[in-house]
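Visitor: My questions will all concern the structure given below.
The values are calculated or read from the model by the stated rules, or taken from the named source; none is laboratory data. Please read these numbers as outputs of a predicted model, since none were measured by experiment. Here the Cβ positions follow ideal geometry from the backbone for every residue, glycine too, while neighbour counts run over all protein chains shown. Only protein heavy atoms, including side chains, enter the accessible area calculation; ligands, DNA and RNA are left aside. Shrake-Rupley method; radii C 1.70, N 1.55, O 1.52, S 1.80 Å.
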Amino acid sequence: MPFTTAMADIQPRSASLNYSQKSLSNVGNPAAAALIFKRKDPHVITGGLIEFGVGIEYGDLNELFAKFDELSNDFKPPNEPVDPTLPPTPENPIRDSTWDDLFNEYPELEDRLDAVKDKVSVTAGLLALIAAEGYAKAEATGEMTFVLNDTLYGGTLMIGASYKGNAKAIGILEPITFDSEFAKTQLSTIPNFEETDPIQDIDLSGGITLFYNPANNKVKLTVDNDSLLLVKATKISQFSLSYSRQMQSFDSGDLYWGIKPTFYRVGLTNVSSRIGDITDSEALFDDIKDANYVYENGFDLDLGLVWAAPHYQLGASITSLFEHTYEFPEIDRRRFSSKNILTKLDYHEEFTMQRQVKLEAGIYTEQRHWSLNAELDANSVEDPMRDQYQWLTVTAGYAADNWWLPSARVGFSRNLAGTKLAYLNAGVTVMKFINIDLATTLDTVTLDGDEIRRGVNIRVGVQFDY
């Protein structure tokens, strides 16, 4: 994925390319292209690269959207109309009785209180689970990179353009504070109602309301809560020039440096709905496609160094040196009264392309047909969805010289921050210029009754000379 050098991704782009291919894309160390041209390995095509990819990832929460819709139903009042005018309170013949006397005479009250406690616990637990794991994330990417000159002042000049579309649905929690003693007092009024009284809305604390119909003794528990489903989306284009060249040659190896200035066109949007207002959470996720985007421009810089010896390489790079900040459109706050929720909305209304240090190492056979590479993000960064990423990737590969023999690679990636998810990666290069790569998690979730991988990513591209 083309934005690994500036923004975090669902799955690291570098996991599916060998070192030579990465050097000719937007994702590699800016210092590496000049090294690849100097070596002139027969299995490397050094003209350019075009690639497209799609990916999706879910939180560790089975039937995610069904749980959103389930909560939404709990947050709604009963279908029957509720009379806002409370009926006159009849004389209570046991108003001087003790609590034990009251519950001995009306044992169903204790049962109702236990049921309320159970329901509140389940609702609060589901809210907490959704807040921690309730997300669905999708992205689509495209990249074009071309070598403009491989002898410019002794170095290599490349131009690149790429696009990334990204969307995520996030559950944001407003905790439920339930006072069982207050609820017990409120429930004690139930025996006072006559069959002819209208439906009663009984406040049980913490935004919990029990709707009670004296005519048939039916009840419905609802929650008035600012918990919401927030859907965020980005459309980000980047245009870059990168220049790399040899800095110094030594008996034991060569040192290369590189620089990549990048212009960003960033489009951001978001939509939100209180859980009680949701009718179809999946439809809300789809509706983000029609939302209006706010666009901002930005500029940043990546730097890199590579030490290359005959059988190994070491590298380091720093991305997003200037750490530009971008803002999402402000969400309508009039629907929310919770300070906790408003603070969380503030948090989600901006993001910064944070600076990140990347380290890399590789060992190779004599002709560099076989390779083993390791890459590590030295610090975690947040993407526009406020997800944290710090990738560790190990990739082994074989690069063929012949057109008829495919090159192949396999790898393993783990996010050391945020989700801590791990991906298995595999890819082939057919006829030296067609790249096909797949990455998938071993973890699964259940959605609409089907068990699927929590994360899947596929990329198809071509590399070429001209």
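Visitor: Starting with the highest mean, order 166-172, 438-444, 212-218, 52-58 by the number of other Cβ atoms within 10 Å, averaged over the residues of each peptide.
Guide: Ranked from most to least packed, the peptides come out as 166-172, 52-58, 438-444, 212-218.
Visitor: Just the accessible area per residue of the stretch 391-466, please: how many Å² with a 1.4 Å probe? Don't skip to the end; give the middle numbers.
Guide: Working: 3700 Å² over 76 residues.
Normalised by residue count, the accessible surface of the stretch 391-466 is 49 Å².
Visitor: Pick out, in residue order, every one of the trypsin sites (Lys or Arg not before Pro) in the stretch 313-364 that is DSSP loop and has at most 15 other C-beta atoms within 10 Å; say none if there are none.
Guide: Arg355
Visitor: So for each of 237-243, 196-202 I average, over its residues, the number of other beta carbons within 10 Å; can you give me the resulting order with the highest mean first?
Guide: The most tightly packed comes first, giving 237-243, 196-202.
Visitor: Take every Cα-Cα pair in the stretch 287-339 and report what % of them are more than 13 Å apart.
Guide: The share of Cα pairs beyond 13 Å in the stretch 287-339 comes to 78 percent.
Visitor: How much accessible area does Tyr163 have with a 1.4 Å probe, in Å² rounded to the nearest 10?
Guide: It works out to around 90 Å².
Visitor: From the phi angles alone, apply the Karplus equation (6.51, -1.76, 1.60; θ = phi - 60°) to the stretch 452-458 and give each ³J(HN,Hα) in whole Hz, x where the residue is Gly or Pro.
Guide: Residue by residue, the stretch 452-458 yields 10, 5, 5, x, 9, 9, 9 Hz.
Visitor: If the limit is 18 Å between Cα atoms, which of Lys67/Lys339; Lys260/Lys358; Lys168/Lys344 go over it?
Guide: Listed pairs above 18 Å: Lys67/Lys339.
Visitor: Accessible surface of Lys235 in the full protein assembly, 1.4 angstrom probe, to the nearest 10 Å²?
Guide: About 70 Å², rounded to the nearest 10.
Visitor: Which order do Asp41, Asp450 take by accessible area at a 1.4 Å probe, largest first?
Guide: On the way: Asp41 15, Asp450 95 Å².
From most accessible down to least: Asp450, Asp41.
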